[in-house]
Amino acid sequence: MNHSINNKNTAKETEQLITLENAYAYCRQISRHHAKTFYLASMFLHKKQQNPIFAIYALLRTVDDIVDMAEDKLKAGLITSNEIAKMLDGWKSR
């Protein structure tokens, strides 16, 4: 399964590539890779419950990775806390 988007695609073509089904498959892949026992335990859920659970996990995992990366950059002096606050405000307004 290839989720990369070729830079030559138009916006309309890109929208067609990013379907709900593809998004759920990507979230499932994140869960399978980063949370093996969580992923296996979620197989006991009803099929309709699995995709939303994988989506929630993928969102929280991504945010956690971003926070960890920001903390590392802050400790290394590569970014300021004000810059982090501005980025968070920008993200919240999306």
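Please state which one of L60, L74 is surrounded by fewer than 11 Cβ atoms within 10 Å (Cβ to Cβ) and either closer than 26 Å to K92 by Cα or of a type in the set (V, I, T) (or both).
Values: L74 fails: surrounded by fewer than 11 Cβ atoms within 10 Å (Cβ to Cβ).
Going through L60, L74 in turn, just one is surrounded by fewer than 11 Cβ atoms within 10 Å (Cβ to Cβ) and either closer than 26 Å to K92 by Cα or of a type in the set (V, I, T) (or both): L60.
Every residue in region 46-57 that is loosely packed, with under 13 Cβ neighbours inside 10 Å and either outside any helix (DSSP H, G or I) or in contact (Cβ under 8 Å) with a residue 24 or more places away in the chain (or both), please. Give the derivation first.
Going through region 46-57, the residues loosely packed, with under 13 Cβ neighbours inside 10 Å turn out to be 46-49, 52, 56.
Across region 46-57, the qualifying residue is only H46.
Among R32, R94, which is the only one that is of a type outside the set (F, W, Y) and either assigned to a helix (DSSP H, G or I) or in contact with an Asp or Glu (Cβ under 7 Å, 6 or more places away or on another chain) (or both)?
Working: R94 fails: either assigned to a helix (DSSP H, G or I) or in contact with an Asp or Glu (Cβ under 7 Å, 6 or more places away or on another chain) (or both).
Checking each option against the conditions leaves just R32.
Just the residues that are farther than 18 Å from E21 by Cα, within 14 Å of the chain's Cα centre (by Cα) and aromatic (F, W, Y), please, taken from region 35-94.
W91
Which pairs have Cβ atoms under 7 Å, sit 6 or more apart or on different chains, and link a residue in region 82-93 that is surrounded by 10 or more Cβ atoms within 10 Å (Cβ to Cβ) to one that is in a helix (DSSP H, G or I)?
I84/A70; I84/L74
Every number in this text was worked out from the coordinates using simple rules, so none of it is lab data. Note that the structure is predicted; figures quoted are calculated from it, not measured. Methodologically, a virtual Cβ is constructed for each residue, glycine included, from the backbone with ideal geometry; neighbour enumeration extends over all protein chains shown.
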